[in-house]
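K.L.:
My questions will all concern the structure given below.
The values are calculated or read from the model by the stated rules, or taken from the named source; none is laboratory data. Please read all numbers here as calculations on a predicted model, not as lab measurements. We place every Cβ from the backbone using ideal geometry, glycine too, and count neighbours over all the protein chains shown. These area figures cover heavy atoms from the full protein model, side chains too; ligands, DNA and RNA do not enter into them. Shrake-Rupley method; radii C 1.70, N 1.55, O 1.52, S 1.80 Å.
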Amino acid sequence: MSRGIYVALSGAVAQGTALDTTATNLANAASNGFQRLRPVFREVLKGATTKPGSGLHYSTVERTALDTSRGALRTTGRALDVAFPEGVYLGVNTPRGERYTRSGALKVNASGSLTTASGASVVREDGRPITVDPLREVGISPEGNVLQDGAVVAKLRVVKFDPASAPEHEGEGLLVGRGEATPSDSRLDVGALEDSNAPVVGSMIDLVTASRTFEAFQRMLDTFGEIDRKVLSTVPGPTE
C-alpha cells in the first residue's frame, strides 16, 4: 500500500476537525459574547532517515484554541446589560461548579436571583449567588457593583486568566477554567452587549475553505486507492 495514503488520511481527519469547529462558530454567530474556536494544526514527521528530505509529513490538530479577541459592542441602554473587557469573564454558578461567560445580558428571575439569559446564577466575589428584591429596580455599575435603588447590594465576580491558560467552551455560552481565575477590577461597559467574534460571513468563508480542503484530501485518498488496486491487479504474484 502506498504510504502517501496515510498522509492524505491525516489531512482529511484534521480538516474534519476544522469543519466541526467552524460549524460550532457558525452556529454561535449570533450568540452574545461567544468566542470562536480555532483549530491549531501541527506537522508531524514520520519515518525520517539520515537522508535529507526523507520521511513523510503528516498533519494533525494539536488542539482547539479560544480566540479571546473582543467582539463588536452593541449599545442597548439596558441597565442589566454589560460587556466585558478583552480577557475578562463573569463568574456564574452551575450544578457542575463555577463556570464563566462573556454573555452579559443579565436578568432577575421571579425568586430574585440574578441570572444570565440561559438561567445560570450570577455570583458575587465570594462565589455565592446574587439575590435582590425582584420588585425593585436593579442595575449594574461600571465597577461591577449590583445596585438596587442606587445602593450597592453585591459585586459581580469578574475574573481573568493567564493568557497561556484561557478557558474552554463547555456549551450553552459557558466556559470552564483551565487555570486559576484571578479577580479583575476592569471597568465594564454598562448598557451594551458584546457580539460574537465569529461573524457569519467570516465563518461561512472558513466553512467553505475547510470543506474544499477536505474534499481535496478525499480525492487524494481515492487516487491512492485506485493506484493500489491497479498494482494489485497487474503485478504477478509469487510463483510456486
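K.L.:
Consider residue 111 against the criteria (1) surrounded by 15 or more Cβ atoms within 10 Å (Cβ to Cβ); (2) closer than 16 Å to residue 154 by Cβ: it satisfies all of them except one. Which criterion is unmet?
P.N.:
(1)
K.L.:
Tell me whether segment 159-177 contains one or more residues that are among the aliphatic types (A, V, I, L, M), open to solvent by 30 Å² or more (accessible area, probe 1.4 Å) and without any contact (Cβ under 8 Å) to a residue 24 or more places away in the chain. Walk me through it before giving the result.
P.N.:
Within segment 159-177, the first condition is being among the aliphatic types (A, V, I, L, M), and the residues that meet it are 159, 164, 166, 174-176.
Imposing the further condition that a residue be open to solvent by 30 Å² or more (accessible area, probe 1.4 Å) reduces the set to 164, 176.
Still in the running and without any contact (Cβ under 8 Å) to a residue 24 or more places away in the chain: 164.
Scanning segment 159-177, I find at least one residue that is among the aliphatic types (A, V, I, L, M), open to solvent by 30 Å² or more (accessible area, probe 1.4 Å) and without any contact (Cβ under 8 Å) to a residue 24 or more places away in the chain, so the answer is yes.
K.L.:
Moving on. With a cut-off of at least 1 residues that are within 22 Å of the chain's Cα centre (by Cα), under 17 Å from residue 33 (Cβ atoms) and among the small types (Gly, Ala, Ser), name the strands (runs of 3 or more DSSP E) lying wholly within segment 78-175. Working first, answer last.
P.N.:
Numbers: elements: 88-94, 97-101, 138-140, 145-148, 151-155, 158-160, 168-171.
Of the strands (runs of 3 or more DSSP E) lying wholly inside segment 78-175, those with at least 1 residues that are within 22 Å of the chain's Cα centre (by Cα), under 17 Å from residue 33 (Cβ atoms) and among the small types (Gly, Ala, Ser) span 88-94, 168-171.
K.L.:
Next question, about the same structure. For residue 29, indicate whether it is closer than 29 Å to residue 113 by Cα, modelled with pLDDT of 80 or more and open to solvent by less than 40 Å² (accessible area, probe 1.4 Å). If you could, list the steps in order and put the result at the bottom.
P.N.:
Working: closer than 29 Å to residue 113 by Cα: yes; modelled with pLDDT of 80 or more: yes; open to solvent by less than 40 Å² (accessible area, probe 1.4 Å): yes.
Criteria met by residue 29.
K.L.:
Checking the structure you have, find out if any residue of segment 187-203 is over 15 Å from the mean Cα position of the chain (by Cα), loosely packed, with under 15 Cβ neighbours inside 10 Å and under 24 Å from residue 146 (Cα atoms).
P.N.:
Yes; the residues of segment 187-203 include at least one that is over 15 Å from the mean Cα position of the chain (by Cα), loosely packed, with under 15 Cβ neighbours inside 10 Å and under 24 Å from residue 146 (Cα atoms).
K.L.:
Give segment 126-158 a look and list any residue that's within 19 Å of residue 183 (Cβ to Cβ), free of Cβ contacts under 8 Å to residues at least 24 places away in the same chain and of a type in the set (Val, Ile, Thr), or say none.
P.N.:
152, 153
K.L.:
Of the numbered conditions (1) at pLDDT below 95; (2) farther than 26 Å from residue 182 by Cβ, residue 95 satisfies every one except a single condition; which is it?
P.N.:
Failed condition: (2).
K.L.:
Oh, and also: For segment 78-100, how many residues meet the condition of being of a type outside the set (Lys, Arg) and farther than 21 Å from residue 153 by Cβ? First the steps, then the outcome.
P.N.:
Taking segment 78-100 and keeping what is of a type outside the set (Lys, Arg), we get 79-95, 97-98, 100.
Going one step further and asking which of them are farther than 21 Å from residue 153 by Cβ, we end up with 83, 85-89, 94-95, 97, 100.
Result for segment 78-100: 10.
K.L.:
Kindly provide the set of residues from segment 126-146 that are loosely packed, with under 15 Cβ neighbours inside 10 Å and under 15 Å from residue 97 (Cα atoms), ordered by number.
P.N.:
126, 127, 128
K.L.:
Separate question: For residue 226, work out the one condition from (1) in contact (Cβ under 8 Å) with a residue 40 or more places away in the chain; (2) farther than 24 Å from residue 32 by Cβ it doesn't fulfil.
P.N.:
The single condition residue 226 does not satisfy is (1).
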